[in-house]
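Encoded as structure tokens, the structure appears first; notes follow it.
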Amino acid sequence: MTDLALDKPVPPNAAGPNRTAPTARRGMVRPSPTALGVGLLLAVAFGLLPLVGSEYLFDAILTPFLALALAGLGLNILTGYAGQVSLGSAAFMAVGAYAAFNLSLRLPELPFVVDILLAGLVAAAVGLVFGLPSLRLRGFYLAVSTLAAQFFVQWVFNKVGWFSNNSPSGIVTVPPLSVAGLALDGSVGRYLFGLSVVSVVTLVVWRLVDSPTGRALAALRDHETAARVIGLPVLRLKLLAFAVSSFIIGVAGVLWAFAYLRTVEPAGFNLDRSFQILFIVIIGGLASLRGAFLGAALIVVFPLALARLGETLLGGLFDSGVLEMSQRIVLGLLIIAFLIAEPAGLSALLDRLWHRIAGRLTALCSRLCPRSGSNRSV
Amino acid sequence: MDWSFFTEVLVGGLLSGVMYSLVAIGFVLIYKTSGVLNFAQGALLLFAALTFVSLTERGLPFWAGIALTLAAMTAIGALIERTVLRPLVNQPPITLFMATLGVSYVIEGAAQLLWGTQVHGLDLGIDDLPLEIGGVLISTFDLFAAAVAGAMVAGLTLFFRYTRIGLGFRAVADDPLAALAVGLSLDRIWTAVWTASGVVALVAGLLWGARLGVQFSLSLVVLKALPVLVLGGFDSIAGAIVGGLIVGAVEKLAEVYAGPLVGGGIEGWIAYVAALGFLLIRPAGLFGAKPVERV
Amino acid sequence: MTATPSEAPHLQPSATQPQAAPSALAVDGLSLSFGGVTALNGVSFTVAVGEIRAVIGPNGAGKSSLLNAVSGLYRPDSGRVWLGGHSFAAVPTDRLAALGVSRTFQNLALFKGLSVLDNVAAGLTHRLRAGVLAQVIGLPTARRERADAYDRAEALLAFLHLEDARDRPVGTLPYGVQKRVELARALVARPRLLLLDEPMAGMTLTEKQELTGCIRVARDDLGATIVLIEHDIGVVMGLSDRIAVLDYGRLIGDGTPEAIRNNQAVIDAYLGVAHDLEAGEGI
């Protein structure tokens, strides 16, 4: 075996959709089931929901869901893809929110879209600074050091009145949302704005994790030494992960403040929020784009469901204190259960379910019409 | 500079540092034997203090309360070990850490569901009167806490040095597989370790509870222990003590001398920043050995 | 062999080569110890360009430490490493790939969450010139160089009979297959120097024979100089041009397989621990 043809280009074979990245690699895009699913989802989210949804659905469920999903997406880049655990996500949300507030307050001539981008960049810059320890620290040491970001940033926003325009209570109301002269301050408007931002960012993230750089991040996560030996710029990749992740979490903070709460206060970005975002990523599935959305959906919906359930079962006994405590317990149990039973999260759970359904369907299909059903790809 | 004032602040800081060490030691015990950074240590501390207070408030005598609480702590430890940590054996340490984060949520919720959310006062019968020693005012309570902590560390040291189970513990910490191979019962050792960390949680919970009142925020003292661990290394009891002293002193000195310049309230993060700065110089902490990577 | 422009630096002559004959690798008086335990003790030897050079020795002789020092994972206490005409007191690991050095590890060091193809293609990532933004936007240059890298990776999968595993996450594959994936990742960048740390550990006889062939081809057709740690003495004798023997961190023999076979010091060292030869290191 002498002719290895290592230098001859291999003819682009009919590459099946890659498991981790369902896309045809060489630009030949064939509508895959995933693409169809995403298209359908977007059509419903943009087209149908605004027509039929209630104010409660947007204000209490969908808008916070979008903001948290985005934060989960950002943390997933750092933790899921690059393998660096952070316990300080809420700090970067706060940076994004306060940056956007101050930009819209102090530079009102800037369009809000620019505010968002700049707020993201500010969060990215702060993320870079707090990402510096990752160049020397790993594992627990790094996780603990990200707590420094959490406490320091919260303290700064508490102490320095300038950030909250010297508001005596520390709570500031953000200006109503409007993009290009279009007022978006209603429930539906704020939801649609959040949805647009999340869609765009998700598209970019998907491109990123599917790129050689995204693969390099995963390589770094799986084996740092090997990554170094094959010449990956490990330090640069780590900082990139921190910057991109913080950017996205910062934008999520903007959504949280401007689209969901319409106020900003430091207490809203406390350690519990950071844990919440971490839980979203764990429950949803590490290193999975879908995971952030699934996890956020669960985190937003389950307290509401639990409240309903408690009221029906226990009636008056189920007061807000009991509710809060049972939420804590259930959330903790969920985390433990997922880590033990399904470490790859809801995303993998859904995958398996889908495989089973698809398997049943193809079996059924091949029984009905023997020729089709062989071309199944998931 | 007023040196006697400085000394007073320093001593006060060192003594409150002992309280941090107390919490950190609970972490170290678990970390050494099972490689888990047990975030639930704070929740356990809360649970212990809350259980004890609630029992004595219901008329149980002091020692009966202590005994019952200890039994409960051992049971909880065993439960965590069996139901959470064992199924996750061989998982990456960070996964175990996140699992204990979940555990802490469960325990915090359960403790308050069980005993209520109101703040309980806890009187250990120690007056917090300032005591003058060599011209420096020192809190009696701090001294008492330091003495208790010292006694506990001495007790643990004796236990691990001279009892069979203690020796087993050290063997497991050194090399779990080898310990298993020579016939040590991991079950018994782990039970012992969780009991020991339960004792530490109870002692720390009582002291902290007497200081702050027994309430939810008690579980947040875990956040005070983390920089201590980072400084002293996750696996060194000596490190936990020295780290605690350093963190206590730095915190108090910074609060008194630097705090006014930046508006105060810096004790929430100064320990983290100090620990971080230190880590950047010595990534393995004060006592940790530089790990040799085997590839 | 036609080389693409990106490979051109490989063919350039090295700047300064102190030795008389050009060598791909030279270590000079390398010493290394861990907390009082000596792993390497003044080891010196050279590897000629185009050579297959085996390093053998009993357990704990310092073989892996040697490779780790050469690839910069360990910092030697003293001595120097010459790589491609440059001399290092401590080899900068980040520059290994650029220096044309790649390696495999004694215990697998793969990217478990990535597919086989992605693992192999990662071996070429350091050559990519497009920035993150260009990759995300999908500029033509970024797409082209990526497609090129994946084509090379696919060719290597074919060479090592890994096509069937192409899209499988590497963590789910059997040990022997993972070993081959690691070799593919090391070979895909067409290294000038390839360091193999027990590539055949845990393989069946057939697999070993196949891999022996692959290593020969890597040298003969891909032009790689090869340094190989291996316990199977039969493989070593048949495959290598020269053998270095380590014992307790010292070089106790250096020469052709024939010379090593008759070297009294080597025989003495090995007779005492002969059972280790087949047992493997297992650490």
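Any residue in segment A:229-239 that is in contact (Cβ under 8 Å) with a residue 40 or more places away in the chain, out of contact with any strand residue (DSSP E or B) (no Cβ under 7 Å at 6 or more places or on another chain) and open to solvent by 20 Å² or more (accessible area, probe 1.4 Å)? Before the answer, list the steps.
The initial filter retains those residues of segment A:229-239 that are in contact (Cβ under 8 Å) with a residue 40 or more places away in the chain, namely A:235, A:237-239.
So of that shortlist, the ones also out of contact with any strand residue (DSSP E or B) (no Cβ under 7 Å at 6 or more places or on another chain) come out as A:235, A:237-239.
Cutting the leftovers down to open to solvent by 20 Å² or more (accessible area, probe 1.4 Å) gives us A:235, A:239.
Checking segment A:229-239: at least one residue is in contact (Cβ under 8 Å) with a residue 40 or more places away in the chain, out of contact with any strand residue (DSSP E or B) (no Cβ under 7 Å at 6 or more places or on another chain) and open to solvent by 20 Å² or more (accessible area, probe 1.4 Å).
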Open item on the list: Pairs please, first residue from segment B:163-184 and assigned to a helix (DSSP H, G or I), second anywhere and of a type in the set (A, V, I, L, M) and open to solvent by 40 Å² or more (accessible area, probe 1.4 Å), Cβ atoms under 7 Å, 6+ apart in sequence or on different chains.
Closed with: B:G168/B:L184; B:A171/B:L184; B:V172/B:L184
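Any idea which of A:A292, A:A307, A:A296, A:A363 is surrounded by 13 or more Cβ atoms within 10 Å (Cβ to Cβ), more than 14 Å from chain B (Cβ to nearest Cβ), over 22 Å from B:F97 (Cα atoms) and hydrophobic (A, V, I, L, M, F, W, C)? Lay out the reasoning, then the answer.
Numbers: A:A292 fails: over 22 Å from B:F97 (Cα atoms); A:A296 fails: over 22 Å from B:F97 (Cα atoms); A:A363 fails: surrounded by 13 or more Cβ atoms within 10 Å (Cβ to Cβ).
The unique qualifying residue is A:A307.
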Task: Residue count for segment B:44-101, restricted to those that are in contact with a Phe, Trp or Tyr (Cβ under 8 Å, 6 or more places away or on another chain) and either among the polar types (S, T, N, Q) or within 14 Å of chain A (Cβ to nearest Cβ) (or both) - done: 15
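Quick check on segment A:204-228: of everything there that is more than 8 Å from chain C (Cβ to nearest Cβ) and farther than 30 Å from A:V44 by Cα, which residue is most open to solvent (accessible area, probe 1.4 Å)?
Of all residues in segment A:204-228, those more than 8 Å from chain C (Cβ to nearest Cβ) come to A:205-206, A:209-210, A:214, A:217, A:220, A:224.
With the extra rule that they be farther than 30 Å from A:V44 by Cα, the set shrinks to A:217, A:220, A:224.
Working: A:L217: 5, A:L220: 5, A:E224: 35 Å².
The residue in question is A:E224.
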- [ ] Hey, can you tell me all the residues within segment A:183-221 that are farther than 23 Å from C:R129 by Cβ, in contact (Cβ under 8 Å) with a residue 60 or more places away in the chain and in contact with an Asp or Glu (Cβ under 9 Å, 6 or more places away or on another chain)?
- [x] A:S187, A:V188, A:R190, A:Y191
Task: Top-ranked residue of segment C:134-174 - restricted to ones that are among the basic types (K, R) and open to solvent by 40 Å² or more (accessible area, probe 1.4 Å), ranked as nearest to the other protein chains (Cβ to nearest Cβ) - done: C:R143
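Tell me yes or no: at least one residue of segment A:305-313 is in contact with a Pro (Cβ under 6 Å, 6 or more places away or on another chain), more than 20 Å from B:W115 (Cα to Cα) and outside the structural domain of A:A219 (by TED's automatic domain parsing). Even if it seems obvious, please write down each step before you answer.
Taking segment A:305-313 first, the residues in contact with a Pro (Cβ under 6 Å, 6 or more places away or on another chain) are none.
Checked against the condition, which is being in contact with a Pro (Cβ under 6 Å, 6 or more places away or on another chain), more than 20 Å from B:W115 (Cα to Cα) and outside the structural domain of A:A219 (by TED's automatic domain parsing), segment A:305-313 yields no hits at all.
Among the listed residues A:F302, A:F247, which satisfies the condition of being away from chain C (no Cβ under 14 Å) and either aromatic (F, W, Y) or part of a helix (DSSP H, G or I) (or both)? Outline the logic, then answer.
On the way: A:F247 fails: away from chain C (no Cβ under 14 Å).
None of the others qualify; the one that does is A:F302.
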TODO: Give the number of residues within segment C:33-67 that are under 18 Å from the mean Cα position of the chain (by Cα), open to solvent by 20 Å² or more (accessible area, probe 1.4 Å) and among the hydrophobic types (A, V, I, L, M, F, W, C).
DONE: 2
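Residues of segment A:59-89 being hydroxyl-bearing (S, T, Y) and assigned to a helix (DSSP H, G or I), which ones?
Narrowing segment A:59-89 to residues hydroxyl-bearing (S, T, Y): A:63, A:79, A:81, A:86, A:89.
Hits for segment A:59-89 are A:T63, A:T79, A:Y81, A:S89.
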TODO: Take the residues in segment B:108-126 that are more than 14 Å from chain A (Cβ to nearest Cβ) and exposed (fewer than 12 other Cβ atoms within 10 Å of the Cβ), then tell me which one is farthest from B:L50 (Cα to Cα).
DONE: B:G125
Open item on the list: Take the residues in segment C:114-130 that are in contact with a Leu (Cβ under 9 Å, 6 or more places away or on another chain) and either more than 17 Å from A:L220 (Cα to Cα) or outside any helix (DSSP H, G or I) (or both); name whichever of them is nearest to the other protein chains (Cβ to nearest Cβ).
Closed with: C:G123
Task: Matching residues, segment A:113-149, being open to solvent by 10 Å² or more (accessible area, probe 1.4 Å) and not in a helix (DSSP H, G or I) - done: A:R136, A:R138
TODO: For segment B:191-295, please list each of the helices (runs of 4 or more DSSP H) lying entirely inside it that holds at least 1 residues being crowded, with 23+ Cβ neighbours inside 10 Å.
DONE: B:222-232, B:237-253, B:270-281
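Kindly check whether there is at least one residue in segment A:193-203 that is within 10 Å of chain C (Cβ to nearest Cβ) and either open to solvent by 30 Å² or more (accessible area, probe 1.4 Å) or within 30 Å of C:T104 (Cα to Cα) (or both).
As a first pass, look at segment A:193-203 and keep what is within 10 Å of chain C (Cβ to nearest Cβ): A:203.
Imposing the further condition that a residue be either open to solvent by 30 Å² or more (accessible area, probe 1.4 Å) or within 30 Å of C:T104 (Cα to Cα) (or both) reduces the set to A:203.
So far as segment A:193-203 goes, yes, one or more of its residues are within 10 Å of chain C (Cβ to nearest Cβ) and either open to solvent by 30 Å² or more (accessible area, probe 1.4 Å) or within 30 Å of C:T104 (Cα to Cα) (or both).
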Task: Residues located in segment B:142-184, provided they are of a type in the set (S, T, Y) and surrounded by 13 or more Cβ atoms within 10 Å (Cβ to Cβ) - done: B:T157
Open item on the list: Looking at the structure I just gave you, is A:L203 in a helix (DSSP H, G or I), touching a helix residue (DSSP H, G or I) at 6+ places or on another chain (Cβ under 6 Å) and on the phi < 0 side of the Ramachandran plot?
Closed with: no
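Residue-by-condition table, conditions (1) in contact (Cβ under 8 Å) with a residue 40 or more places away in the chain; (2) under 19 Å from C:I226 (Cα atoms); (3) open to solvent by less than 10 Å² (accessible area, probe 1.4 Å):
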position: C:A69; (1), (2), (3): yes, yes, yes
position: C:Y74; (1), (2), (3): yes, no, no
position: C:P92; (1), (2), (3): no, no, no
position: C:L108; (1), (2), (3): yes, yes, no
position: C:N119; (1), (2), (3): yes, no, yes
position: C:G123; (1), (2), (3): yes, yes, yes
position: C:V132; (1), (2), (3): no, no, no
Open item on the list: Looking at (1) surrounded by fewer than 20 Cβ atoms within 10 Å (Cβ to Cβ); (2) at pLDDT 90 or above, which one does B:E8 not meet, given that it meets all the others?
Closed with: (2)
Open item on the list: A:L278 - would you say it is within 13 Å of chain C (Cβ to nearest Cβ), in a helix (DSSP H, G or I), in contact with a helix residue (DSSP H, G or I) (Cβ under 8 Å, 6 or more places away or on another chain) and open to solvent by less than 10 Å² (accessible area, probe 1.4 Å)?
Closed with: no
TODO: Among the residues of segment C:67-96, count how many are closer than 14 Å to A:R228 by Cα, touching a Ser or Thr at 6+ places or on another chain (Cβ under 9 Å) and part of a loop (DSSP other than H, G, I, E, B).
DONE: 6
TODO: Would you check which residues across segment A:150-175 are more than 14 Å from every other protein chain (Cβ to nearest Cβ), assigned to a loop (DSSP other than H, G, I, E, B) and either among the hydroxyl-bearing types (S, T, Y) or open to solvent by less than 70 Å² (accessible area, probe 1.4 Å) (or both) and list them?
DONE: A:S167, A:S169, A:V174, A:P175
Open item on the list: When you scan segment C:183-202, do you find a residue that is among the β-branched types (V, I, T) and surrounded by fewer than 18 Cβ atoms within 10 Å (Cβ to Cβ), even just one?
Closed with: no
- [ ] Could you please give the count of residues in segment A:95-112 that are in a helix (DSSP H, G or I) and open to solvent by 60 Å² or more (accessible area, probe 1.4 Å)?
- [x] 2
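So which residues in segment C:82-119 are of a type in the set (D, E) and under 18 Å from the mean Cα position of the chain (by Cα), if there are any at all? Lay out the reasoning, then the answer.
If we filter segment C:82-119 for residues that are of a type in the set (D, E), which is where we start, we get C:94, C:118.
The one that is of a type in the set (D, E) and under 18 Å from the mean Cα position of the chain (by Cα): C:D94.
The values are calculated or read from the model by the stated rules, or taken from the named source; none is laboratory data. These numbers come from a predicted model, not from an experiment. Cβ atoms come from the backbone with ideal geometry, glycine included; neighbour counts cover every protein chain shown. To get the accessible areas, we keep the full protein, side chains included, count just its heavy atoms, and leave off ligands, DNA and RNA. Shrake-Rupley method; radii C 1.70, N 1.55, O 1.52, S 1.80 Å.
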